[in-house]
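Down below is the structure, laid out as structure tokens.
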Amino acid sequence: MIVKKSWNDISVEEWLDLEKLKESELSFWTYQLERLSILCEVDSDDDYFDDLDIDDINGLIKQASFLDTPPSKNYKIDIDNYRLINLNKITIGEWIDLDTYLTKDFLKNYTKILSILYRKIKVNEWDYIEYEPYNYDINVRSLDFEWIKINDVYGVIEYVMSWRRSVLDNYKSILLDDDGEDLDEEEKEGLSEADIKEIEADLKKEKAKKDFSWLKFVWDLSGEDMTKMKDVLKTSFIMTMNTQMMLNVYK
């Protein structure tokens, strides 16, 4: 009764459900039944599974073995009326959202990430492709990406993560890279309890700064004028970073 026999049949929403199963503390048998329920499009407590003997279940588990390998890394540029954007042309606001979604609760924000990366397009009056501006409701748009096949978009996240690593490496001299992590046991050796508390308090402050680092970046660029922050968010991210690098050189 398996309906979905390869990653080509699995939607983004179903893949997310499968990934969340990996984080659940389920017994081997329950885990397998939960996976099979997705492939068979029935609930895991459906009578269908009660009517199968052990050999039937093992047969289904064998058919589901494709789930043990990741989906294809060959992502699509065009999906229906959506097209993958040029990351080097994103705005500061787009970068901040993308960076936040990639680093905080990645699975929960997966479809939001896709909603930033893929945009509707049209041919303008000069016969050039024009991308939809980033002013739509991302919570609503993300629903469109739940039904897309995971094989069409799985690899694009690796591409984006690689691009992000390049950005952080190229501009590390002007980016805050202190994660404010706690001291490990080796680092605590030879320090008094008072010293440890003082250092950990400083690290906590640095972590708090990092959480607001992009907002502070926009605030500084706006000349500490809140009314100008919206315009800053629409500015080219790469051009802004290159400008900051140039200013640092001329200092």
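Relative to the longest principal axis of the chain, what angle (0 to 90°, nearest 10) does the C-alpha long axis of helix 54-63 take? Approximately 40 degrees, to the nearest ten.
The slack in the chain from LYS205 to TRP163, taken as 0.36 nm per residue of separation less the alpha-carbon distance, amounts to 12.2 nm. The count of lysine pairs in the range 78-155 whose Cα atoms are under 16 Å apart, excluding pairs fewer than 8 places apart on the same chain, comes to 4. Here the label points at ASP105 and VAL42, each 7 Å from Cα along the C-beta direction, are separated by 3.4 nm in the simple model. Between the amide H of SER11 and those of ILE150, distances stay under 5 Å, these residues lying 5 or more places away or on another chain, with hydrogens modeled in the peptide plane.
Sorting ARG83, ARG35 from the fewest to the most surrounding beta carbons within 10 angstrom yields ARG83, ARG35. Helices in the chain, meaning DSSP H runs of at least 4 residues, each add -39500 (n - 2.57). Divided by all residues, the mean residue ellipticity at 222 nm is -16000 deg cm²/dmol.
Centre-to-centre separation between the Cα atoms of the range 1-48 and those of the range 207-246: 43 Å. Phi-derived couplings, Karplus 6.51 cos²θ - 1.76 cosθ + 1.60 at θ = phi - 60°, listed residue by residue for the range 85-97: 7, 7, 4, 6, 10, 6, 8, 4, x, 5, 4, 4, 5 Hz, with x used for Gly and Pro.
Neighbour counts of C-beta atoms inside 10 Å place LEU143, LEU114 in the sequence LEU143, LEU114, starting with the fewest. Sorting GLU14, GLU41 from the fewest to the most surrounding beta carbons within 10 angstrom yields GLU41, GLU14. Measuring r between the beta carbons of ASP50 and LEU18 and using R0 = 35 Å, the FRET efficiency lands at 0.95. Taking amide H positions as modeled 1.01 Å from N, with prolines and chain starts lacking one, the residues under 5 Å from THR91 and 5 or more places away or on another chain are PHE237.
None of the figures in this text is laboratory data; all of them are computed from the coordinates on show. Predicted model, so just to flag it, every value in this text is computed and none were measured. When we count neighbours, we look across all protein chains shown, and the Cβ atoms used for this are built from the backbone with ideal geometry, even at glycine.
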